[in-house]
1. Restricting to DSSP loop positions (anything but H, G, I, E, B) with no more than 14 other Cβ atoms inside 10 Å of their own Cβ, which chymotrypsin sites (Phe, Trp or Tyr not before Pro) remain in segment 43-117?
2. Quick check: Cα centre of segment 1-44 to Cα centre of segment 87-150, how many Å?
3. Principal axes first, then extents: for the Cα atoms of segment 5-141, list largest minus smallest coordinate on each axis, whole Å, largest first.
4. Using Cβ contacts closer than 10 Å as the measure, can you line up ASP115, ASP84 from fewest to most?
5. Determine, for ILE123, ILE2, the number of other Cβ atoms within 10 Å of each Cβ, and report the residues in order from fewest to most.
6. What is the spin-label model distance, in nm, from ASP231 to VAL273 if the labels are put 7 Å beyond Cα along the C-beta direction?
Amino acid sequence: MILDASEILQARILIVDDQQSNVLLLRELLVSAGYLAVSSTLFPTEVCARHRQEQFDLILLDLQMPGMDGFQVMEALKTNSADDYLPVLVITAQPGHKLRALQSGAKDFISTPFDLIEVKTRIHNMLEVRLLYRKLNRYNQTLEATVLQRTAELRESEARYRSLTQLAADWYWEQDEEMNFTKVSGPVLEMLGIRVAGFQGERAAACAEGWDETQQGVLQARIAARQPFLDLILSKTHENGTLQSFRVSGEPIFNRTSRFIGYRGVGVEVASVGSAAQPGGSS
């Protein structure tokens, strides 16, 4: 993330000092350096209201002022919930005030009497950090809004897809890479006879019995090759002689790195034929 030089020169700066001479000196220094939006005030009580209205990128703040000193101004600025970054560069002639100012939230300080080269360098560096922070914050907000929008669109799309599959099929399923069912809608566990998580021993064998082995072989070959299948017919003969036939379609699922993570598909019952053998009656 890079800043253009013009962005720094267009930054909004407020000078706060009760000494008119200091204000004039700093203003002349900034204007001569090319800064285009320099404001000032002799009254520290105005700072919070002006910052809420104008959202300054940098506040040059004198610490020693009558009525309301710079420390009190910084505490008041912290109540501005719209900005959690305190863009304050303090002005002080007291070495002992520097540490306290930094602990109060100031980002840097300049000493009086002014070293003009140092002042310009510190102002430029602090503005660069401040504007990068603001640009990053805006980028994160935009990214968050985009993610929320895409998530909502995906949920809406999934809801439409589920609705359509429910209209077009008797069941819908998803399986993981081990072919265990992770999502099931409809009687798929009894119908497909692939692998059912939790079915073991006699239950698994019972579930697998009666399916046409040739059709099952074709299905398992497609799955092993990670290939989609469309309208495969699977038939199952029940113990009472009833024959059920199903039409199933499915596709493999891959993640962004092209790793196989499972299958999903739909199916519908296409035929159910009762046993031809009928119980005999007495003559």
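Taken together, the values in this text are just the output of simple stated rules run on the coordinates, not laboratory data. Just so it is clear, the structure is predicted and the values come from calculations on it, not from any experiment. Note that we place each Cβ from the backbone using ideal geometry, even for glycine, and neighbour counts take in every protein chain shown.
1. Details: sites: PHE56, PHE71, TYR85, PHE109, PHE114; in loops: PHE56, TYR85, PHE114.
Loop-located and lightly packed - TYR85.
2. Their Cα centres are 14 Å away from one another.
3. Dimensions of segment 5-141 along the principal axes of its Cα atoms: 39, 33, 25 Å.
4. Going from sparsest to densest Cβ surroundings: ASP84, ASP115.
5. Fewest to most other Cβ atoms nearby, the residues stand as ILE2, ILE123.
6. So the label points at ASP231 and VAL273 sit 2.0 nm apart.
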